[in-house]
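Colleague: One structure coming up, written as structure tokens, with questions to follow.
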Amino acid sequence: MTEITIFVLAAFVGFEVISKVPTTLHTPLMSQTNAIHGIVMLGGLIVIGHAGDPLEYVIGTIAIAFGTINIVGGFMVTDRILGMFTRKAKPSAPSASRPGADGSDKG
Amino acid sequence: MATALSQMPLAVLDPGGAGATALYIVAFSLFILGVRRGTHPTTAKQGNLIAVAGMAIAVATTLLLDGIGNWGLIVGGLAIGAAVGVIASIRVQMTAMPQMVALYNGVGGGAVALIAWSELRHGISLGEAIPLDTLIPVLFSMVIGSVSFWGSNIAFAKLQGLIPTRPLAVPGQQVVNALLLIGIVAACVSLAIDNGDPSQAIFIAALIAAAVLGNLVVLPIGGADMPVVISLLNAFTGIAAAATGFALDNVALIVAGTLVGSSGTILTMKMATAMNRSVANILFAGFGGAPAGAGGVAEERPVTSIGAQDAAIKLAYADSVVIVPGYGLAVAQAQHAIKEVADELEKRGVGVGYAIHPVAGRMPGHMNVLLAEADVPYEQLREMEEINPEMPRTDVAVVVGANDVVNPAAKNDPDSPIAGMPIIEVDEARQVIVIKRSLSPGFAGIDNDLFYEPNTSMLFADAKQAATEIAAEIGQL
């Protein structure tokens, strides 16, 4: 039951956190959330611990490799995409100091 | 060797214990913070790094859990995965970014399905009935993971041009899909009922059926709708990862997977809304190709065709020019050449702006990324709502490889498949130059009246070549 509670609350956090986002950031954000679901790699780490035969070794290793590609590739591509924006970030960025303030009360 | 190494006791954390839980809470808090920062332009890059830190903590915590073993295989899997991920991310062209995300999403889904299989085998090997609160999430994540893996691969293949981007419809497709889905659900139910000794053969059959379903669902979808599909599959993989978390009683997986699932759903709906389509319509209508032949206006209509030199003259003597990029710009890698045209024009004192349609290209923000790569100043990139009111005062609108996003049928023809979709109103500009390889319809598969307007000139050429020639011509004027 606790897990269901966590699930429902996390779903609401997901809905809320992304409710306002400029179109420019849709692609990097999709890429970043894509990298985050690579966390399923942890499942690979756990199941390979109780793997008992060659087939399970193979399945587990591939799962870990797949999950790691998802994580590493996802975060790196996101960083590359965002690097293109920030390199030429608006020279006058008056809002630069604000996000910290408004992020804290929502967090 | 693997077994010898597996005896190494790194295990210092009890799964589900206070220490592991506390570290996982730190990890997923960083994910939430990272995604939140990712929604602001000034903090997005920092947000990504925060999420990376969260992931590092989550992975490190898991490696310290009691029961983790087979270190040789773990290190091998991590090393292979990291090497592939690093190399692929460094080498990928910015134009290929959408299919790269599709591929990463696919391997994530693949990992989910494989973990489910392994977990089922583990459950069987224990020789006791598998509790339903483990077995049901296992079956769910197997199905969704398999659909996501194959669906993403098809999306990748379509965007990469390995298979035709036009919708590939099979007769009776909806019926076949429905039967597959019913079969998968029936298989899962029978496995759950027989949880004392679930048949691995049925499980594998369901895994394969889900793979076929993933293929069949995405194959009929046209290339223009792929961003929405990738985003949807991204959300699916997130939910599947959360299900894995339920099966393994791992709170980090539940929170991170759910976070991606729900935020991905919102993102998908935002993308679909920008195209004035519903997600269901995209998935089941097969729109994007069916009306291409039948609905198109077949009659010959006159168009005005011009060369690079004429286009250069029109542009050089204008006061204001708006460039409207589309997927053709990405395909032709024309972003640098277009920037040269803009530079030449600015040297002559012509005001230049870029009008970015929310769904231009293959992903929202695709055009921004490409133009940023060519060093186009951020402030010249204008959003649709911002630039449309200025269109009547614009001397020349240059459409580079865009089609549906400038099709006036969206506002003039209530029967058009794209009716109601917001467009960049280039038809309001005094003159329009369309750089396009042919008159062929866009991904929506419908004719574009804009091409036949008296104030529209068509420049039939590859976008990069045309832009390079125009830049040279302007330089000589």
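Colleague: Restricting attention to the range B:223-245, report how many residues are at the interface with chain A (Cβ under 10 Å from one of its Cβ atoms) and not hydroxyl-bearing (Ser, Thr, Tyr).
Modeller: Count: 13.
Colleague: Does B:Val35 meet the test of being within 9 Å of chain A (Cβ to nearest Cβ), more than 30 Å from B:Val331 (Cβ to Cβ), buried (at least 24 other Cβ atoms within 10 Å of the Cβ) and of a type in the set (Val, Ile, Thr)?
Modeller: Here the answer is yes, as B:Val35 does meet what is asked.
Colleague: Here's something else I'd like to know. Go through the residues of the range A:57-77 one by one and say whether even a single one is facing chain B (nearest Cβ under 7 Å), assigned to a loop (DSSP other than H, G, I, E, B), within 18 Å of B:Ala241 (Cβ to Cβ) and among the aliphatic types (A, V, I, L, M).
Modeller: Scanning the range A:57-77 turns up no residue that is facing chain B (nearest Cβ under 7 Å), assigned to a loop (DSSP other than H, G, I, E, B), within 18 Å of B:Ala241 (Cβ to Cβ) and among the aliphatic types (A, V, I, L, M).
Colleague: Look at the range B:246-284 and say how many of its residues are of a type in the set (Ser, Thr, Tyr), in contact (Cβ under 8 Å) with a residue 40 or more places away in the chain and either within 8 Å of chain A (Cβ to nearest Cβ) or farther than 13 Å from A:Gly14 by Cβ (or both).
Modeller: Of all residues in the range B:246-284, those of a type in the set (Ser, Thr, Tyr) come to B:258, B:262-263, B:265, B:268, B:273, B:278.
Next, from what is left, pick out any that are in contact (Cβ under 8 Å) with a residue 40 or more places away in the chain: B:263, B:268.
Filter once more, keeping what is either within 8 Å of chain A (Cβ to nearest Cβ) or farther than 13 Å from A:Gly14 by Cβ (or both): B:263.
Residues that pass the stated criteria total 1.
Colleague: Taking B:Ala60 as meeting all but one of (1) under 20 Å from B:Ala241 (Cα atoms); (2) in contact (Cβ under 8 Å) with a residue 40 or more places away in the chain; (3) surrounded by fewer than 17 Cβ atoms within 10 Å (Cβ to Cβ), write down the number of the exception.
Modeller: Here B:Ala60 clears every test but (2).
Colleague: A follow-up question, please. Is the range B:231-252 home to any residue that is among the acidic types (Asp, Glu) and closer than 20 Å to B:Ile130 by Cβ?
Modeller: Yes, the range B:231-252 contains a residue that is among the acidic types (Asp, Glu) and closer than 20 Å to B:Ile130 by Cβ.
Colleague: For the range B:42-52, state whether one or more residues are within 22 Å of A:Gly52 (Cβ to Cβ) and either of a type in the set (A, V, I, L, M) or surrounded by fewer than 20 Cβ atoms within 10 Å (Cβ to Cβ) (or both).
Modeller: no
Colleague: Could you please find all residues in the range B:383-409 being free of Cβ contacts under 8 Å to residues at least 60 places away in the same chain and either within 14 Å of chain A (Cβ to nearest Cβ) or among the small types (Gly, Ala, Ser) (or both)?
Modeller: Across the range B:383-409, the qualifying residues are B:Glu383, B:Met384, B:Glu385, B:Glu386, B:Ala409.
Colleague: Return a yes/no flag: does the range A:8-17 have any residue that is at the interface with chain B (Cβ under 7 Å from one of its Cβ atoms), of a type outside the set (A, V, I, L, M), in contact with an Asp or Glu (Cβ under 8 Å, 6 or more places away or on another chain) and within 14 Å of B:Val255 (Cα to Cα).
Modeller: No, because not a single residue in the range A:8-17 is at the interface with chain B (Cβ under 7 Å from one of its Cβ atoms), of a type outside the set (A, V, I, L, M), in contact with an Asp or Glu (Cβ under 8 Å, 6 or more places away or on another chain) and within 14 Å of B:Val255 (Cα to Cα).
Colleague: Please work out which residue is surrounded by the fewest Cβ atoms within 10 Å (Cβ to Cβ), limiting yourself to the range B:66-105 and to residues that are under 21 Å from the mean Cα position of the chain (by Cα) and more than 23 Å from B:Ala235 (Cβ to Cβ). Step through it out loud before you land on a result.
Modeller: Taking the range B:66-105 and keeping what is under 21 Å from the mean Cα position of the chain (by Cα), we get B:84-105.
Checking the rest, the ones that are also more than 23 Å from B:Ala235 (Cβ to Cβ) come to B:84, B:86-87, B:90-91, B:93-95.
Working: B:Val84: 17, B:Val86: 14, B:Ile87: 13, B:Ile90: 11, B:Arg91: 9, B:Gln93: 11, B:Met94: 19, B:Thr95: 21.
Selected residue: B:Arg91.
Colleague: Between a residue in the range A:42-55 that is closer than 21 Å to B:Ala79 by Cβ and any residue that is in a loop (DSSP other than H, G, I, E, B) and among the β-branched types (Val, Ile, Thr), which pairs come within a Cβ distance under 8 Å, given they are 6 or more apart or on different chains?
Modeller: These pairs meet every condition: A:Leu45/B:Ile68; A:Ile46/B:Ile68; A:Gly49/B:Ile68.
Since every read-out is calculated from the coordinates, none of them should be taken as a lab result. If you're wondering where the values come from, they're calculated on a predicted model, not measured in any experiment. Positions of Cβ are generated from backbone atoms using ideal geometry, with glycine treated the same way; all protein chains shown enter the neighbour counts.
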